[in-house]
Amino acid sequence: MGTPEFPNLGRHCSVGDCNQIDFLPFTCDRCDHVFCLQHRSYTSHQCPNASQKDVTVLICPLCAKGVRLNPNEDPNITWDTHVNTDCDPSNYQKVTKKKKCPVPGCRETLTFSNTIRCKDCTKEHCLKHRFGPDHKCPGPRKPESTFPFGNMLRKSQKAEPPSNNSSTGSSWWSSSLLTAASNFKSSAEAGMQKLSTATTQAIQKAKDGISTSSSSGGDLVEQCVQCPARFSTVGALIEHAEKSHQSNSQPSRSRVTVDVCPKCSKAFRDPVLLVEHVERDHGGTSRVS
């Protein structure tokens, strides 16, 4: 069998009546025998181990789960094991109940090919009611955090629900946006007014010297830094400093030392220039003649 170059080429079929030489034989994965093309199936060569790897699955009527039967085990034992361990009757409604379109009056069953999820309300609808006006979409549940009027827009949505007609839907959204903008503007103006009032009161209190320590009595708690005078308020201290120490607060000019020649009374700022003047003009002596 075979050729000198390929001695193992081709094998005989294991079926006795056939025994045909096949150069591309098939090996059965159950009985590990070699067969030709005609007898390669389990039925054609009557494989004794064909049922060992058969997959039989039964649907449990209690939980609608698949139960696989083991060929080497009694089906009753397999069933009892499933009922005592994996069986969950609450799962039956989830598996068998078919999801339908939530639009009132629509009985369309939602499948993989006819299901559309709305981007605004995040609910699944059939193809017929996929648009917002068709299923009366209330709008987005959670607006984006970057939208500045999100909280006010939600309040306006609760106060004034959208109309069912698609023609008035856009007008409702525009009116809601304008209402939210006006509310935001009024609240911002009120906040700025409160801030301005609080700032003015704080400045006035600091100017008049009103504090928790000095409100109970009239003690002299403010002292001048340039003289021993004491005052009860900051305003009085500022007024005293402006009247009494205005001239002292000006920066004093730097004093310049001047050296005078004792012989001719000529002034010099630099002592070296004075010495040179005496040596040059007075013969090196500074005594008065």
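The values are calculated or read from the model by the stated rules, or taken from the named source; none is laboratory data. Everything numeric in this text was worked out from a predicted model, so none of it was measured. With ideal geometry, Cβ positions are generated from the backbone for all residues, glycine too; neighbour counts draw on all protein chains shown. For the accessible areas, the whole protein counts, side chains as well, though only heavy atoms, and no ligand, DNA or RNA atoms are used. Shrake-Rupley method; radii C 1.70, N 1.55, O 1.52, S 1.80 Å.
Report the full-extension gain for the segment Phe6 to Asp120: residue separation times 0.36 nm, less the Cα-Cα distance, to one decimal in nm. Working shown, then result.
On the way: separation 114, 0.36 × 114 = 41.04 nm, distance 7.10 nm.
Once the chain is fully extended between Phe6 and Asp120, it gains 33.9 nm.
Return the carbon/sulfur percentage of the accessible area of the stretch 99-139, one whole number, probe 1.4 Å, all protein chains in place. Before the final figure, lay out each step's value.
Numbers: 1590 of 2980 Å².
Ligands and nucleic acids excluded, carbon and sulfur give 53 percent.
Glu5 accessible area, nearest 10 Å², 1.4 Å probe?
Probe radius 1.4 Å; accessible area of Glu5 about 130 Å².
Compute the Kirkwood hydrodynamic radius of the stretch 99-139, taking the inverse of the mean of 1/r over all pairs of distinct Cα atoms, and give it in Å to one decimal. Write out the running numbers ahead of the final one.
Values: mean 1/r = 0.1003 Å⁻¹.
The Cα-based Kirkwood calculation yields 10.0 Å.
Could you tell me whether the stretch 53-145 comes out rounded, prolate or oblate from its Cα gyration tensor? Rule is a ≥ b ≥ c as square roots of the eigenvalues, rounded for a/c under 1.5, then prolate if a/b exceeds b/c, otherwise oblate.
Prolate shape, in that a/c is at least 1.5 and a/b is the bigger ratio.
Give me the distance in nm between label points sitting 7 Å out from Cα along the Cα-to-Cβ direction at Arg68 and Asn91, one decimal.
1.4
State in Å² the accessible area per residue of the stretch 1-95; use a 1.4 Å probe, count heavy atoms of protein chains only, and round to the nearest integer. Don't jump to the answer; show the numbers that get you there.
Numbers: 7120 Å² over 95 residues.
Computed with neighbouring chains in place, this is 75 Å² per residue.
Can you tell me what percent of all Cα-Cα pairs in the stretch 53-97 are more than 13 Å apart?
The share of Cα pairs beyond 13 Å in the stretch 53-97 comes to 53 percent.
Percent of Cα-Cα pairs more than 13 Å apart in the stretch 7-52, please. Spell out each step's value before the answer.
On the way: 498 of 1035 pairs.
Tail of the P(r) past 13 Å holds 48 percent of the pairs.
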